[in-house]
Amino acid sequence: MEKTDWKRIGWLTAATLVLGAIIGACAGLLTLLLYGVEYVMLGFIESEFIPGAFTVPAVRRIASVTLGLGVAGVIWYLLRTKTEKVPSVKKAVNGGRMPFWQTIVHVVLQIFIVGSGASIGREVAPRELGAMLAQRFCDIFHIGDGEGDAHVVLDRRMVVAVAAGAGLGGVYNAPLAGMFFAVEILLVDVTLENVAFGLGMSATAAFVATAIKGEHMFYDIGAMQMNSTPSLMLFALLCGTACGVVGALFRKGSQWAESHKPTGRSLMWQMPLAGLVTGLVSIVVPQVMGNGRAAAQLGFSTFIPETADTSGAAQSAASAAASPWTFLAGSDGAPGSVVNAGTPLELNRLWMLLGVLALTFVAKALVTLMTIRSGASGGVLQPGIALGSTLGTMLGLLWLFVFPVDSVTACALIGAAALLSASQQAPLMAMCLVMELTEAPIEFFVPVGMAVAASAFVSSGLLHRLG
């Protein structure tokens with residue numbers, strides 16, 4: 001019978017609590033930094049009441065994102081050409097050394113460009129910071145220093161991966177997603193020990209981060225019915241298949257953009273140019289700016305009143321007031337302003353809704369890929385959720401003509417999880433992240449799980465064919 005290694009268990013417990021708390025504090029501070037940048041650059045702070053820069057004048061939007069990416073371009077050029085390079089989180093897990101001050105500057109720049117309006121995710125920053133802090137933690141306490149002891153070396157790899165996941169869990173208050181990111185994407189080893197260690201550290205980080213940045217709703221899905229339906233299961237299967245194809249293509253596109261980043265002086269003009277294009281696009285599509293919260297909320301907030309009697313869905317006055325559709329419609333929210341999702345679904349209004357959603361989908365995808373291609377660092381988790389939400393909403397609007405018992409918001413929820421699953425090739429992480437960010441009723445794990453499974457199956461086969 002193998003003897004229990006109490007010393008090793010003690011160190012893992014200490015890492016769970018101490019390192020998890022430190023990472024949580026950093027995640028909370030990064031969120032406050034994002035809010036501060038948004039307030040200074042754009043004059044607003046994102047929240048469940050204002051999910052995007054809808055009320056910011058167009059001139060200020062253009063100036064903010066152009067200046068933000070311009071400043072970041074210069075600093076990133078100096079950081080990448082004159083100092084030690086910051087490796088990816090995956091490389092850090094496998095032994096790549098993350099330099100201290102370079103990593104901090106790299107992390108802060110990512111938060112800065114998202115706060116200024118760049119179309120890219122902010123979730124890479126806390127993951128990189130978590131991985132760097134984990135390496136320093138291991139150095140201080142000599143974790144993984146034993147030469148020839150493969151078991152001890154593996155502990156160091158596990159600590160770094162779990163800490164990176166805790167960064168994600170802390171910044172989004174999503175401990176399940178943080179744990180699955182570590183074991184499903186970084187370690188690719190779903191063992192009982194990895195799951196327990198990852199969930200413990202992510203939960204600790206989420207608890208501490210929430211104490212600093214506050215607890216608030218990330219996505220409002222108040223316009224969704226409370227119960228799943230058999231027809232929604234069928235929709236999940238069909239939507240998951242479609243999202244599997246689109247998500248795989250988005251993954252290939254982001255990989256292409258990442259591999260074709262500029263490495264020299266061109267970085268200093270390509271990034272501000274990407275910012276200028278983003279700002280100009282935002283004149284027509286303001287929800288394109290930022291990490292994807294505004295675009296995703298557009299899908300989640302789509303509400304068709306005539307289905308309320310059958311689906312049980314209802315939209316509160318507060319949710320309607322904070323809906324991107326209301327901001328797009330104008331200050332009075334009149335149905336004739338631009339579009340208004342809170343009106344009966346007539347054929348002419350259907351085409352208007354589909355047109356806005358399709359424009360949002362295409363603009364968000366292209367501008368995000370352009371931002372990555374220009375040289376910016378960041379993630380694609382939130383952009384992926386935005387694309388999935390808008391695609392799921394478009395399919396849901398058509399679905400309502402056949403099955404009015406379902407709500408469009410439920411379709412958006414399913415699409416968000418399914419496309420994220422395909423683009424990240426991580427179905428468990430994707431499902432949990434979307435469910436945690438929306439605080440969806442637990443019974444919706446069933447249709448969401450069906451969609452994620454279909455998406456993962458289709459995307460895996462397609463990516464294998466594409467090579």
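Miscellaneous remarks
- Length gained on full extension, ALA314 to ARG465, computed as 0.36 nm times the residue gap minus the Cα-Cα distance: 50.0 nm.
- R0 of 25 Å, Cβ-Cβ distance THR241-LYS91: FRET efficiency to nearest 0.05: 0.15
- Computed extension length for GLN102-VAL284: 61.8 nm, one decimal, from 0.36 nm per residue of separation with the Cα-Cα distance subtracted.
- Its Cα centre serving as origin, the chain has a Cβ charge dipole (Lys and Arg +1, Asp and Glu -1) of approximately 1580 debye.
- Estimated FRET transfer efficiency (SER47, GLU193; beta-carbon r; R0 30 Å; 0.05): 0.20
- Once the Cβ-Cβ distance of ARG136 and LEU29 is raised to the sixth power relative to R0 = 25 Å, the FRET efficiency obtained is 0.90.
- Straight-line cross-link partners of LYS364 among the lysines, defined as a Cα under 18 Å from its Cα and at least 8 positions apart when in the same chain: LYS252.
- Amide proton proximity set for GLY379, modelled H, under 5 Å, gap of 5+: GLY121, ARG122, GLU123, VAL124
- Carbon and sulfur %, accessible surface of region 1-130 computed with the full protein complex present, 1.4 Å: 70
- For region 58-157, a simple Cβ point-charge model (Lys and Arg +1, Asp and Glu -1, everything else neutral) yields a dipole of about 580 debye relative to the Cα centre.
- Gain on full stretching of the segment that runs from ALA211 to LEU17 - 0.36 nm per residue minus C-alpha separation: 68.3 nm
- All-pairs Cα distance distribution in the chain, expressed in whole percent, bin size 20 Å: 26, 57, 16, 1
- From phi via Karplus (6.51, -1.76, 1.60), per-residue ³J(HN,Hα) for region 69-86 in Hz, x at Gly/Pro: 6, x, 5, 4, x, 5, 5, 5, 4, 5, 5, 8, 10, 10, 10, 5, 6, 8
- Euclidean distance of C-alpha centroids, region 40-85 and region 224-263, integer Å: 27
The values are calculated or read from the model by the stated rules, or taken from the named source; none is laboratory data. Owing to the predicted nature of the structure, the values given are computational and were not obtained by experimental measurement. We place every Cβ from the backbone using ideal geometry, glycine too, and count neighbours over all the protein chains shown. Calculation scope for accessible area: heavy atoms of the full protein, side chains included, ligands and nucleic acids excluded. Shrake-Rupley method; radii C 1.70, N 1.55, O 1.52, S 1.80 Å.
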